[in-house]
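The values are calculated or read from the model by the stated rules, or taken from the named source; none is laboratory data. Values in this document were obtained by computation on a predicted structure and should not be read as measured data. Ideal geometry is used to build each Cβ from the backbone, glycine not excepted, and the neighbour counts take in all protein chains shown. The protein model used for the area step is the full one, side chains on, heavy atoms only, and it has no ligands, DNA or RNA in it. Shrake-Rupley method; radii C 1.70, N 1.55, O 1.52, S 1.80 Å.
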Amino acid sequence: MKKTTLYLLVLCMTCYACSDFLDQEPDQQISINEQLANKEGVLMALNGIYRDLEALFSSREIIYADVQGGNISFTPATNNKFIETPSVIEKSYAFSDKEDESDYANYYKELYDIINQANLILSKSEGFSFFTQDEQNQLQAELLSIRAFAHYQIAIHYAQPYHFTTEASHLGVVYNTKTLIAGVDYPSRSTLKETYNFITSDLNKALAQYTNTQILGGPSHSYFNTTTTQALYARIALQMNDWEQALNYSDKVITTSGISLTSKENYVAEWALNEDPISEILLEFSAPRTSEGDVSSSISSHFIYNSPNNYGKYVASGDLLNLYEPNDIRANMFIEVPLPTIINNIEQDLPYYFTKKFQGDAGTSFIRLSEMYLIRAEANARLANTANALIDLNTIRERSNLLPLDTSENVLESIFLERRRELAFEGHLLFDIARYKKDVNRNLGCIANTCNLSYPSNFFVLPIPA
């Protein structure tokens, strides 16, 4: 891939206050300086960024890694009873996405829009005299975490994995640390190593600035703070093969967050309720609510089962279902429903398995404590601390009602499979496959012309939209 200058789709600076922050009618639009002239306006702007994050990560982007990796298959259409690839992911699902018509072009654009918004507030934050010092530090820390998070999401989708070249010298993504003006600024891509250096630099700055002050109302797991940022750092460090930092930050979250793993007895029931996030949640992009308190949109639209004539497009693949042993409590994490399906011109009722993770008015669960145990297990395994790796792996296995493993043989493979079972539908599989340098093998339920993909391949990443 040639190194080229990117022409980013960014909103012009004068549009942020009206479009992303306030959603006001044209005659009510105000300037950015007015928007950020007082505490209420700044907090409204910050809340707008979180709202944009929720909207993006409850959209179809959340299914990308699971669809591409093989955890997800599709339901029959209610009108004609045929199983077809949803048109919105048709090219990417078949590993034929193109930069001039990418299925995920909006994902790239929206992430850079979020980055631009964060940079805009950061650029003016030193002049916010209406905040206390703790509030200002907290604001800046959250914005730095958001900027790092958004760049990381772009990197894992649009750049080859860290180990693709020696010292990650291949192209990463554009890292923006200031607001861009459309038609004026044309930044170029960094190497992936440089990209991750920028990401970890922002995370380190954020962690040094966090206070115990929560500046937005609502549950703490809905925002970036010390705990959620440490958890994010652990995930990012794992993806960049920094096993020491992955171990360090996953251990900090496990030992200091005050959050415990959801119990074996409550695991399925807590997911199935979907009124509140599962008790072990670390970061959830909460579903937005109307002024009457009703949820206005939810990730569940992709996975929901309401009735034989009202259900989502995405269900568990046969490949995923076959990974659960009969006594595994996670085998009970599915709603089995027979749906009329036409196969070879014959209509028959076939079983489909809707995940219980995202029914009702579910928020978008993004990081859970279970992931921290599996990160710590993998980091220890890669550092040859196999005894410690087995302890964490068996913690998750035993919570799932599986027998503990008593041998370190193939421990990394066991961790990979446990991640696939535990974190299904939460946006990990394709990136785990790439980190492990595995091939994509989609068998039961795959309807693409190309179901499998050998590592390495250009199709492990999305094309940067033209």
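Quick notes on this structure:
- Considered as a group, the residues in segment 234-250 that are assigned to a loop (DSSP other than H, G, I, E, B) and in contact (Cβ under 8 Å) with a residue 60 or more places away in the chain include one that is most open to solvent (accessible area, probe 1.4 Å), and that residue is 241.
- Scanning segment 111-129 for residues that are surrounded by fewer than 20 Cβ atoms within 10 Å (Cβ to Cβ) and among the polar types (S, T, N, Q) yields 119, 123, 125, 129.
- Members of segment 316-350 that are assigned to a loop (DSSP other than H, G, I, E, B) and open to solvent by 60 Å² or more (accessible area, probe 1.4 Å): 322, 325, 326, 327, 344, 345
- When 108, 64 are checked against the criterion of being open to solvent by 10 Å² or more (accessible area, probe 1.4 Å), touching a His at 6+ places or on another chain (Cβ under 9 Å) and assigned to a helix (DSSP H, G or I), 108 stands alone in meeting it.
- Of all residue pairs spaced 6 or more apart or on separate chains, those with beta-carbon atoms under 6 Å, a first member in segment 67-84 that is under 11 Å from residue 341 (Cβ atoms) and a second member that is of a type in the set (Val, Ile, Thr) are 74/83; 75/315; 76/83; 76/341; 81/341; 81/342; 82/342.
- Considered as a group, the residues in segment 265-313 that are assigned to a strand (DSSP E or B) and under 17 Å from the mean Cα position of the chain (by Cα) include one that is surrounded by the fewest Cβ atoms within 10 Å (Cβ to Cβ), and that residue is 281.
- In segment 374-385, the residues that are surrounded by fewer than 24 Cβ atoms within 10 Å (Cβ to Cβ) and either in a loop (DSSP other than H, G, I, E, B) or touching a Ser or Thr at 6+ places or on another chain (Cβ under 7 Å) (or both): 383, 384, 385
- Subset of segment 154-192 [open to solvent by less than 20 Å² (accessible area, probe 1.4 Å) and of a type in the set (D, E, K, R)]: 189
- Residue 136 satisfies every condition listed in (1) part of a loop (DSSP other than H, G, I, E, B); (2) without any contact (Cβ under 8 Å) to a residue 12 or more places away in the chain except (1).
A quick yes/no check of all residues on (1) open to solvent by 50 Å² or more (accessible area, probe 1.4 Å); (2) over 24 Å from residue 327 (Cα atoms); (3) touching a helix residue (DSSP H, G or I) at 6+ places or on another chain (Cβ under 9 Å):
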site: 390; (1), (2), (3): no, no, yes
site: 393; (1), (2), (3): no, no, yes
site: 408; (1), (2), (3): yes, no, yes
site: 419; (1), (2), (3): no, no, yes
site: 422; (1), (2), (3): no, no, yes
site: 429; (1), (2), (3): no, no, yes
site: 434; (1), (2), (3): no, yes, yes
site: 457; (1), (2), (3): no, yes, no
